[in-house]
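Note sheet for the following structure.
Coordinate-derived values only; no laboratory data. Computed from a prediction, not measured in an experiment: that's the story for all the values here. Here the Cβ is made from the backbone with ideal geometry for all residues, glycine too, and neighbour counts use every protein chain on show.
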Amino acid sequence: MSPRALERATTKRLSLFTGRTHPVLAREVADHLGIELGDTNIVQFANGEIRPRFSDSIRGGDVFVMQTHYGTDAGSINDSIMEQLIMIDAAQRASAKRITAVCPFYGYARQDRKAEGREPITARLIADLFKTAGATRMVSIDLHSGQIQGFFSGPVDHLTALPVLEHYVRENAGPDLVIVSPDAGRVKVAERFAQHLSDLNADVAFVNKRRPKDTANVAFAKEVIGEVEGRLCILTDDMIDTGGTMTSAAELLRERGASEVWAMATHGVLSDPATKRLAESPISRVVLTNTLPLPTERMIPKIEVLSVAKIIADALAAVFDETSVSELFGGENQH
């Protein structure tokens, strides 16, 4: 083999492909990486079946297949997951050297355990499907629970949007604020957020809430644990779905004397009636990231969207270069 042929054979190539759920974010990630977003050529047949066909050769390449799990006009959240699985299968059959499933928002993350008898653990099923399709690595942002990392048999790079949210607080909030967890289960996340803002004299509080048995998307705030009177309170969570938890917590915080309430979350799921609840709530700002697309009809004036594209791009570059992803976050993405 000539030296030129040897060089050609050993050159690593990074390819990024996306499904149809959130192509805007994927293009932004590609721009940060300085590459062209790959063409998946997805064809949808009359009966709803789809078929991707990559335009260029990916043989021997490092392939990243990106899809955030979300229902759009084109299909349900299940369709977006299936689309990603089929793209991963296509990449495996095209002899990609390594395939990484990039899921900014991981579907079914809340079904990570059996809360009652005869229930599925769907978060584990999704991980198994990725492995079966041919993914050997997974990248996601702010999983609902850290244990989901253990569901996937290969390496999982669990990223966090905390640096982006922290930067926003520093740019827009004054000192003497309170980071509030909307329930006891997220207190550690709130504590970590507050530690980063210790120079702003940030304290931690949490809301004790009650979720009625045999209900979904229903929770009632009962009491605030912590000093909130006369202070800016920032409610933080991994996602805002129907908005019930956030809005009831905000009402309770104002009743306890909070001067202002913001809500911050990585994933803006915003299922109905979230936008109506948020618009009518005492929350003055709702700060989300763009892990999920935000339809224009849900973009109420108090919502602000921050980009996590650079966080994803830096992580994908580290995976490609085989350097540490956790060092990008000082190890704090391991929680």
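Observations on the structure shown:
- Summing Lys and Arg as +1 and Asp and Glu as -1 over all other residues whose Cβ lies under 14 Å from the Cβ of Phe151 gives a net charge of +4.
- Couplings 3J(HN,Hα) for the range 269-286, derived from phi with the Karplus relation 6.51 cos²θ - 1.76 cosθ + 1.60 (θ = phi - 60°), are 5, 6, 6, 4, x, 4, 5, 5, 4, 5, 4, 8, 8, x, 5, 8, 9, 10 Hz, where x marks Gly and Pro.
- Mean-square fluctuations from a GNM of the chain, with a 10 angstrom spring cutoff on Cα atoms, peak among Gln84, Gln147, Gln44 at Gln44.
- For the range 162-306, the fraction of alpha-carbon pairs lying more than 25 Å apart is 20 percent, rounded to a whole number.
- Listed residues Phe17, Phe206, Phe45, most fluctuating in the chain (Gaussian network, C-alpha, under 10 Å): Phe45
- Scattering curve values for the range 30-78, log₁₀ I(q)/I(0), Debye with Cα scatterers, q = 0.14, 0.16, 0.17 Å⁻¹: -0.51, -0.65, -0.73
- Here's how it looks for Gly19: its modeled amide H is under 5 Å from those of Met66, which are all 5 or more places away or on a different chain.
- A cut-off of 5 Å between modelled amide H atoms, ignoring neighbours fewer than 5 places along the same chain, links Leu177 with Ala202, Asp203.
- Partner lysines for Lys209 [C-alpha distance under 24 Å; skip if fewer than 8 residues away on the same chain]: Lys114, Lys188, Lys222, Lys276
- Among Asp241, Asp128, Asp73, the ranking by other beta carbons within 10 Å of each residue's beta carbon, starting with the fewest, stands as Asp73, Asp128, Asp241.
- Rounded to 5, the percent of DSSP beta bridges in the chain classed as antiparallel: 15 percent
- In sequence order, calculated HN-Hα J values of the range 234-241 (Karplus, 6.51, -1.76, 1.60; Hz; x Gly/Pro): 10, 6, 10, 8, 6, 8, 10, 9
- Residue-by-residue Karplus 3J(HN,Hα) for the range 296-312, coefficients 6.51, -1.76, 1.60, Hz, glycine and proline x: 4, 5, 9, 7, 6, x, 7, 8, 10, 10, 9, 8, 10, 4, 5, 4, 5
- Among Ala263, Ala318, Ala30: highest mean-square fluctuation, GNM of the chain, C-alpha pairs under 10 Å: Ala318
- Distance between modelled label sites at Gln195 and Thr122, nm, 7 Å Cα→Cβ extension: 3.3 nm
- Per-residue [θ]222 nm for the chain (sum of -39500 (n - 2.57) over DSSP H runs n ≥ 4, rounded to 500): -9000 deg cm²/dmol
- Ascending count of other beta-carbon atoms within 10 Å, so fewest first, for Cys233, Cys103: Cys103, Cys233
- For Asp241, distant residues with modelled amide H under 5 Å away: Leu270
- Summed side-chain charge close to Gly60 - residues other than Gly60 whose Cβ falls under 10 Å, Lys, Arg +1, Asp, Glu -1: +4
- Scanning the chain for GluC sites (Glu not before Pro) in DSSP loops with at most 16 neighbouring Cβ atoms within 10 Å leaves 117-226 as the longest stretch between them.
- Cα centroid separation - the range 128-190 against the range 279-335, whole Å: 9 Å
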